[in-house]
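Colleague: The structure's right below; bear with me while I get my questions together.
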Amino acid sequence: MKYIAAALAALALSIPAQAKLHIYEFTASVSQLAHLEAFEYAQRVGGIREGSVISLGDSIVGRFSYDTSIASTSNSGQHDPTSPTTIYYYPETASATNFLNFTILPSGQTIGTGGTETKRVMQVGDSNAGGLNGTDVLWIANQGGNAFGSFGISLASTSADWITNGKLPEALSFSDFGRTSVYHNFIRDDGHRIMLDARLTSLTEITVTAVPEPGTWALMLAGLGILGLSTRRQRG
């Protein structure tokens, strides 16, 4: 029996730990609006919905997510001593549900990923002193060709040691950031291009329960089966 217990313990230790999916909720305030064709900034601009209006100071509420088990696909390989910043590129996430979505209030315009005509992009700027003003940056964005246009969130830390070797950060804190941007560049019904930029006002991580993968369940059930069979033999 003790050998089986030892085997089960070893089996449990051999099961890979599941990386936690990080989901964050955020709020922001619209700080800049521009009518790109007119080359002018504005207090208010028409939204992407008929009759909707976006104004300076409007609130934005949203969420984004990333999985720290995802490895970068490539990097820029920059080693210029005058700007030692390396950009790491990450693949599209499997699910677009929480990748990046937000709502502009009070107009109620909801912007989000998920359409097949859009491309989700995640990048990390890993900087030593000098590059990107000596800060590290996490950029999550959606590049699209439809009326929703391009939108994203950019988080720049206050230092160059926030990100190590291009790894996605295990935790985000609002106090870590010196520069933030939630942006949305879109095309109105009349064909004019509008640029919106907002600054973060809060950031909170949502706690989620990790769900074991099918392979993990199989190993656990196999172990329980062995334990049950051993108990039955001893009783017999």
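Colleague: Residues of region 79-119 being of a type in the set (A, V, I, L, M, F, W, C) and modelled with pLDDT of 80 or more, which ones? Reasoning before the result, please.
Modeller: Restricting attention to region 79-119, the residues satisfying the condition of being of a type in the set (A, V, I, L, M, F, W, C) are 87, 94, 96, 99-100, 102, 104-105, 111.
Once the filter is applied, which keeps residues that are of a type in the set (A, V, I, L, M, F, W, C) and modelled with pLDDT of 80 or more, region 79-119 yields Ile87, Phe99, Leu100, Phe102, Ile104, Leu105, Ile111.
Colleague: Right, something else. Looking only at region 131-185, how many residues end up being in contact with a Pro (Cβ under 7 Å, 6 or more places away or on another chain), at pLDDT 90 or above and either farther than 30 Å from Gly46 by Cα or part of a loop (DSSP other than H, G, I, E, B) (or both)? Show your work before the answer.
Modeller: Our first condition is that a residue be in contact with a Pro (Cβ under 7 Å, 6 or more places away or on another chain); within region 131-185, this holds for 131, 138, 162-163.
Then keep just the ones that are at pLDDT 90 or above; that gives 138.
Adding the requirement that they be either farther than 30 Å from Gly46 by Cα or part of a loop (DSSP other than H, G, I, E, B) (or both) leaves none.
The total comes to 0.
Colleague: When you scan region 207-219, do you find a residue that is among the β-branched types (Val, Ile, Thr) and at pLDDT 85 or above, even just one?
Modeller: From region 207-219, those among the β-branched types (Val, Ile, Thr) are 207-209, 211, 216; that's our starting set.
From what is left, the residues that are at pLDDT 85 or above are none.
Checking region 207-219: not a single residue is among the β-branched types (Val, Ile, Thr) and at pLDDT 85 or above.
Colleague: Looking only at region 15-33, decide whether some residue is on the phi > 0 side of the Ramachandran plot, hydrophobic (A, V, I, L, M, F, W, C) and modelled with pLDDT under 85.
Modeller: To start, the set of residues in region 15-33 that are on the phi > 0 side of the Ramachandran plot comprises none.
No, there is no match, as no residue in region 15-33 is on the phi > 0 side of the Ramachandran plot, hydrophobic (A, V, I, L, M, F, W, C) and modelled with pLDDT under 85.
The values are calculated or read from the model by the stated rules, or taken from the named source; none is laboratory data. Predicted, not measured: the structure shown is a model, and the values here were computed from it. Every residue, glycine as well, gets a Cβ built from its backbone with ideal geometry; the counts of neighbours run over all protein chains shown.
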